[in-house]
Structure formats: structure tokens, C-alpha cells
Amino acid sequence: MPTGATTSLTTQEGQATRLVLEGDAQAIARLQGCVIDVVGTRTVGGLRVSEWTVRDAGFGSQPFVGRMRRTLSGWVLDDRITGSALRIPDVGVGEPLEGSLVLINGIVVGERVLQLISVRTLLEPSEIAE
């Protein structure tokens, strides 16, 4: 996220609140057009986000969000939504970096096998605070 940039959350009623994003919550700045739930603490500067979930990213079902890792058999997504490791047979062109936090629209087609529709890198490993 560029220095000095601000991110705000707009409710369905049209009310905007500035979000204070730290840690992996910085990914929210890259979720334009998505429906998200946020939990946080109201501060003078806005809402300090402590938890967040993506409910819809334009595919019609809840997307998968998590960290990517490489194994001997290919890519695996450690999904935050389901709490499981999902195998991805073919990521394709523009593979994310290992350790990236990604949003995936996809379909589970077998036992813990995720067929990709689209992938969006939210945070690269260097942007994620451990």
C-alpha cells in the first residue's frame, strides 16, 4: 500500500469509516469490490482492524483466503476460511510467491483439491509481519 494512502469501509447504507490496517489486515486495501466483515476497535483515527473475512469476491460464493506454500506435489493453500490445507493441481501463469497471502475464487473438485477460477495476491511474503 502506498505511503499516505487511506482505506475506508463503506457500509451498505453508504457510511464510510477509515480503517487502520496493521499486520495481515493490510490485505484489505487490495480487496476493492469485495464484501468483507471486519472486527476491530474504534479509535480516534477510525477502526483498528483485528479480524477480517471476505464473504464475496464476485464469484457468487465465499472465496478461499490463505497463505500459499510449495510442496513436492505442487501448491497448497492453507485456507483461513475452512481451516484446511487445499491442494492446487495447477496455479498457471503468474504463480504467487511462496508464503503469499492470496484470495482464490474456486471450486473444491475432490478431496481437498481446489480448482482455480481466479487468484489475487493480497500480500507478498515481505509485506506480512510474522
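How much length is gained on full extension from LEU97 to THR11, taking 0.36 nm per residue of separation minus their Cα-Cα distance?
Details: separation 86, 0.36 × 86 = 30.96 nm, distance 3.28 nm.
Here the segment from LEU97 to THR11 would lengthen by 27.7 nm.
When a/c reaches 1.5 or more, the comparison of a/b and b/c decides; with that in mind, is region 64-127 rounded, prolate or oblate per its Cα gyration tensor? All intermediate terms of the calculation are to be shown ahead of the outcome.
On the way: a/c = 1.43, a/b = 1.33, b/c = 1.08.
Taking the square roots of the gyration eigenvalues as a ≥ b ≥ c, region 64-127 is rounded.
If each Cα of region 7-55 is one equal point scatterer, what is log10 of I(q)/I(0) from the Debye formula at q = 0.15, 0.22 Å⁻¹?
-0.33, -0.75
Translational D (Stokes-Einstein, µm²/s) of the chain at 4 °C and 1.567 mPa s when Rh comes from the Kirkwood sum over C-alpha pairs? Walk me through the numbers on the way to the answer.
Details: Rh = 15.6 Å.
The calculation lands on 83 µm²/s.
Using modelled amide H (1.01 Å from N, peptide plane; none on Pro or chain starts), what sits under 5 Å from the amide H of TRP75, excluding residues fewer than 5 places away?
ILE88
Computed over the Cα atoms of region 41-100, what is the ratio Rg over Rh, Rh following Kirkwood? Don't jump to the answer; show the numbers that get you there.
Numbers: Rg = 15.0 Å, Rh = 13.7 Å.
Expressed as Rg/Rh, it is 1.10.
Give me the dipole magnitude in Debye, nearest 20, for region 50-114 about the Cα centre, with unit charges on the beta carbon: positive for Lys and Arg, negative for Asp and Glu. Intermediate results must be reported in sequence, preceding the final value.
Values: 7 positive and 8 negative charges, 19 e Å.
In total the dipole reaches around 80 debye.
Give, rounded to the nearest 20 debye, the magnitude of the charge dipole that the chain has about its Cα centre when Lys and Arg contribute +1 at Cβ and Asp and Glu contribute -1 at Cβ. Don't skip to the answer; put the middle values down first.
On the way: 12 positive and 15 negative charges, 25 e Å.
Dipole magnitude for the chain comes out near 120 debye.
Every number here is computed from the coordinates shown, using simple stated rules; none is lab data. Nothing here was measured: the structure is a model prediction, and the numbers come from that model. Here Cβ is always computed from backbone atoms with ideal geometry, including for glycine, and neighbour counts include all displayed protein chains.
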